[in-house]
Every structure is written in structure tokens, then in C-alpha cells.
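Peer 1: This is the structure I have questions about; it appears just below.
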2 protein chains.
Amino acid sequence: MNFSLSKSIEILERTPEVLITMVQHISTDWTSNNEGAETWSVYDIIGHLIHGEKTDWIPRMEIILSDKTDKTFEPFDRFAQFEESKGKSLSQLLEEFKKLRSTNIDQLRSKKITEENSNKKGIHPAFGEITLSQLLATWVVHDLNHIAQISRVMAKQYKAEVGPWVQYLKILQQ
Amino acid sequence: MNFSLSKSIEILERTPEVLITMVQHISTDWTSNNEGAETWSVYDIIGHLIHGEKTDWIPRMEIILSDKTDKTFEPFDRFAQFEESKGKSLSQLLEEFKKLRSTNIDQLRSKKITEENSNKKGIHPAFGEITLSQLLATWVVHDLNHIAQISRVMAKQYKAEVGPWVQYLKILQQ
């Protein structure tokens, strides 16, 4: 499957509603626990997605499409959510993510991205030149990655409860 | 986290809406492709979930709670969906799953499962004695497993499109 802006937006615009349907108003046993030391809870993951909306995808797109000579991205802070989410409920985070994503999709649509400018380049601080279409495809896969992670974090809370079925459930072995 | 009927239902009752939100009316590029030979597309997975609603979870619960002397489960057919889904659209499958799940949750609630009868046992054809609570916890984890799988199958369609980011996205390496 080749990169397509409209097919990318199909996924990006669904993610907030997918997450709300999955985890809003469920017991905190599912959303506050993680997979062990140095891992994230559902709550942490939603905070991480919010930080991405603010500092990653759209700001990087703007750099690529700008006339700047230095198109190096700011490194992304993978731990910002531990400070930024403080004092907020999961519902508040979900609503905040939904609002930011909606604005960002409007922003994305407003750029009238064509095949030509989707090949424009920026510089990733770790691995160098990347194209706009690679950035946008990564945004989509990043969403799906975290939906899968959320499913896994919740599944792990029942690891001891499934008994011998643990051997059939790949998600519990990851 | 210990087994809880109400916390299990929180997940089970959300799954149809989660799947509808994720994949109904999106391009078939996302839902008809799989991860390679001997793997399943999103369409195949929804068919598998339907077959589970019909032949797995509730029928096995009924066996456990029955007065039968032989409480051995029927083996589950992991390939039934290839025949049963034939001629149906993805939307039809999603609606069918939603309806079956709703009926099955009503059925589950009607059993008034207590701590006592959640320890009642059945015989799994492969690994022997299991309890009702293990069966029900597995039902929940099985849902989450397939939500994660659906996310992964869709993410893989963009594997070549993310460029050097492939190394950061664990979901593309599974």
C-alpha cells in the first residue's frame, strides 16, 4: 500500500474516538496499572499522544514545508507526559487529545499536500533525511502502535487470571 | 488484578463499538490485506470473533454450569470464518458481531455468577481442567489480543512507507 493522504486521515481522525470507546469511564484497574517497571499505563500513553499532537507531527510538518535552511527537528520528549498530565483525569486527557487531533487534522488538510510536496524533506535528529510522506505515515502507524499497546497493557492485568490459556494468548507473552 | 465479572463486562461490551469505530467504512486497503501467507486480514479477524460468539465462550460457560458428567469442550475451529463470512461485507460482519455480543452479555449476566460458581470447572480438549473465571478472563484477553492484532495488520500496510522510522515502531517488527 502506497502512502495516501486521505487513507492516512481515515485512521488519524478515528483514533480519539477509538480510545474514548475503549477506556473512558472504565475501572482504573485497567487504566492506571502498567506492565511493570519502566513501562506505561493507559493514562501515561494518552498523555504521550497529547504531547505528540503539540510538539511532534504538525510542528515537524511545518518545518518540512517551511523555507528554513535548517530543517532539523527538535528531539521529541518521550517522558513529558509525566509532568504535563499531572492533576488531570483520564477523561480530561481523552478530551484534550480529541480536540488537539481535530485541530491538527484541519491544519494538515489546509496544507493541500500533493505528491510533489509530500517528497519534501526534513532532518530527523537521530537518522537524518526523511520525507513528509514518511512523517505522515509514521503518525498513522504510531497511533496504531499505541492502540495495540493499550490493548496489551490492559490484557496484562489479567495475565494471572487466564490460567493455562496464557500459552495461547500471544499478547501476554510480549 | 483479580478476576471480576463487572470489570470483565466493561471490556466485553465495548469491543463491538471499538471495532466499528476503528474499521467501519475505511478503505479496503486497510481491511482486506493481511501480514503475508497464513495470516489474517481485519475482515478475517472479525469473522473469527463472530465464530467465537457462536461456538466458544457462551457454549463453554453453559457446559461448565451444567449438570453434565462429561464437561469436555468441543474443540474451537480457528478457520471457520473462511467459509462462514463468504459473501458478507465487513459492515455486515461488524453488525453481526455487535448483535451476538450483546445477546451473549445478556446471557452472561443472567447466570448470576458468584465467586463460588466462577470456580466451577470444565475440561479443555488440549490442556484439561479450567475454571469458569479462567474462561471469562480469557474471553476478555482474547478481545484485546484481536484489537491489538487488527492495529498491527493495519500498521503493516504502511511498513514500507515510514522509511527509517521502522526501527522505532515495534508494531512493525512483530
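Throughout, read-outs are computed from the coordinates displayed, never taken from laboratory work. Predicted, not measured: the structure shown is a model, and the values here were computed from it. Using ideal geometry, Cβ is built from the backbone for each residue, glycine included, and neighbour counts are taken over all protein chains shown.
Peer 1: Quick check: the distance between the Cα centres of region B:22-92 and region A:9-30, to the nearest angstrom?
Peer 2: The two parts, judged by their Cα centres, are 23 Å apart.
Peer 1: Which helices pass in chain A if a helix is a full DSSP H run, must span at least 24 angstrom along its long axis by Cα, and must have mean Kyte-Doolittle hydropathy not below 0.0?
Peer 2: Helices meeting the span and hydropathy rule in chain A are A:132-156.
Peer 1: Can you run phi through the Karplus equation (6.51, -1.76, 1.60; θ = phi - 60°) for region A:112-128 and list ³J(HN,Hα) in whole Hz, with x for Gly and Pro?
Peer 2: Once θ is set to phi - 60°, the couplings for region A:112-128 become 6, 6, 10, 4, 5, 6, 6, 9, 5, 10, x, 10, 7, x, 9, 10, x Hz.
Peer 1: Further question on the same structure: Running a GNM on chain A with Cα contacts under 10 Å, which residue among A:Ala155, A:Ala80, A:Ala126 ends up with the highest mean-square fluctuation?
Peer 2: A:Ala126
Peer 1: From Cα pairs below 8 angstrom and at least 6 apart in sequence, can you work out the relative contact order of chain A, rounded to a whole percent?
Peer 2: Value for chain A: 31 percent.
Peer 1: Under the Kirkwood approximation for Rh and a Cα-based Rg, what ratio Rg/Rh is obtained for the protein assembly as shown?
Peer 2: When Rh is taken as the Kirkwood radius, the ratio is 1.00.
Peer 1: Same structure again: Report the label-to-label distance for A:Thr55 and A:Lys121 in nanometres (one decimal), using points 7 Å from each Cα along the Cα→Cβ vector.
Peer 2: Label at A:Thr55, label at A:Lys121, 2.7 nm between them.
Peer 1: To one decimal in nm, how far is B:Lys121 from the same spot in the other copies, if labels go 7 Å from Cα toward Cβ? Please give the shortest first.
Peer 2: Spelled out, the distances from B:Lys121's label point are 6.6 nm.
Peer 1: 5 Å is the cut-off here: which amide hydrogens, built 1.01 Å from N in the peptide plane, fall below it relative to A:Asn33, excluding neighbours closer than 5 in sequence?
Peer 2: Excluding prolines and chain starts, which carry no amide H, the hits are A:Val42.
Peer 1: Follow-up question, since we're still on this one. Taking trypsin sites (Lys or Arg not before Pro) as candidate sites, keep only those in a DSSP loop with at most 14 other Cβ atoms within 10 Å, then name the longest stretch of chain A containing none of them.
Peer 2: Formally, the longest exposed-site-free interval is A:1-67.
Peer 1: Using the structure shown, select from A:Lys170/B:Lys99; A:Lys7/B:Lys159; A:Lys120/B:Lys156; A:Lys88/A:Lys159; A:Lys54/A:Lys112 the pairs with a Cα to Cα distance greater than 18 angstrom.
Peer 2: With Cα atoms farther than 18 Å apart: A:Lys170/B:Lys99; A:Lys120/B:Lys156; A:Lys88/A:Lys159; A:Lys54/A:Lys112.
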